Amino acid sequence: MGKKIGFVMVLLGFTVNAQKDIYVRPGLISASATISPTMMLNRAESNYYVSGFLEGRLDDHLSFRGESHYFVDGNNDFNYFKSNFRTHFGIQYHLSKNNFDAHLGFLPGVALMEVNNDRDMFGNRTLRVVPSFGINLGVSYYVWKFFHFFGNVSYFNSSVRGLASPDAKSDEIMISAGLGYNVNLIRKK
């Protein structure tokens, strides 16, 4: 009986020591890839993207983040997009408490879009380079020195130049969540 109590005490000691480690600090690199659903704001349509991010922590409150999103499919037989790939880079502002982290960021970027109803005089779809920006709001919880859980809500603004005005808007709200990977490049002092 004494050995069992001793074993439980040792396990509890490891758990308490593991919870003392703070992983959110300058030098933290985080990344992930996931399937992300979106809701288009200008039409009754939902889309699905393979999305990923890479983020580097600069100091206690700022990080540099890059995101990319590749259109996989939509929920309609006739989707607005034939193809869409967008990438954004920007600064995130963080508020952290121990291993819990909340962030808000602005991400300017560019998208390569092919819209189904955008055809040239020969009937071919036109691939367009479209300026875009995103606003990202999210939370992360770092559970170990190599893993964290995250959830993000992002707004992406873009208008396809050269299309009739009501059809040009392609704004979306994206929800991303999952398991992320992280590593600290700077050792704890």
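Suppose the filter is over 14 Å from the mean Cα position of the chain (by Cα) and open to solvent by less than 80 Å² (accessible area, probe 1.4 Å); does V110 pass it? Spell out how you get there, then give the answer.
Values: over 14 Å from the mean Cα position of the chain (by Cα): yes; open to solvent by less than 80 Å² (accessible area, probe 1.4 Å): yes.
Yes: the conditions hold for V110.
Keeping to the stretch 171-189, report how many residues are under 16 Å from F146 (Cβ atoms) and either of a type outside the set (K, R) or in contact with a His (Cβ under 7 Å, 6 or more places away or on another chain) (or both).
Residues of the stretch 171-189 under 16 Å from F146 (Cβ atoms): 178-188.
Now drop any that are not either of a type outside the set (K, R) or in contact with a His (Cβ under 7 Å, 6 or more places away or on another chain) (or both), which leaves 178-186.
Qualifying residue count for the region: 9.
In the stretch 73-101, how many residues are within 20 Å of F149 (Cβ to Cβ) and either open to solvent by less than 30 Å² (accessible area, probe 1.4 Å) or assigned to a loop (DSSP other than H, G, I, E, B) (or both)?
Residues that pass the stated criteria total 5.
Select, from K97, K145, the only residue that is closer than 18 Å to R25 by Cβ and without any contact (Cβ under 8 Å) to a residue 12 or more places away in the chain.
Only one candidate passes the filter, namely K97.
May I ask you to list the residues in the stretch 20-39 that are within 20 Å of S176 (Cα to Cα) and open to solvent by 10 Å² or more (accessible area, probe 1.4 Å)?
If we filter the stretch 20-39 for residues that are within 20 Å of S176 (Cα to Cα), which is where we start, we get 29-39.
If the condition is that a residue be within 20 Å of S176 (Cα to Cα) and open to solvent by 10 Å² or more (accessible area, probe 1.4 Å), then I29, A31, S32, A33, T34, I35, P37, M39 are the ones that fit.
Which condition from (1) of a type outside the set (S, T, N, Q); (2) under 18 Å from the mean Cα position of the chain (by Cα); (3) open to solvent by less than 10 Å² (accessible area, probe 1.4 Å); (4) modelled with pLDDT under 95 is the one that M174 breaks?
Exception for M174: condition (4).
The values are calculated or read from the model by the stated rules, or taken from the named source; none is laboratory data. This one's a predicted model, so the numbers in the text were calculated from it and none came from an experiment. Please note: Cβ atoms are built from the backbone with ideal geometry, for glycine as well, and neighbour counts cover all protein chains shown. The accessibility values were calculated without ligands, DNA or RNA, using every heavy atom of the protein model including side chains. Shrake-Rupley method; radii C 1.70, N 1.55, O 1.52, S 1.80 Å.
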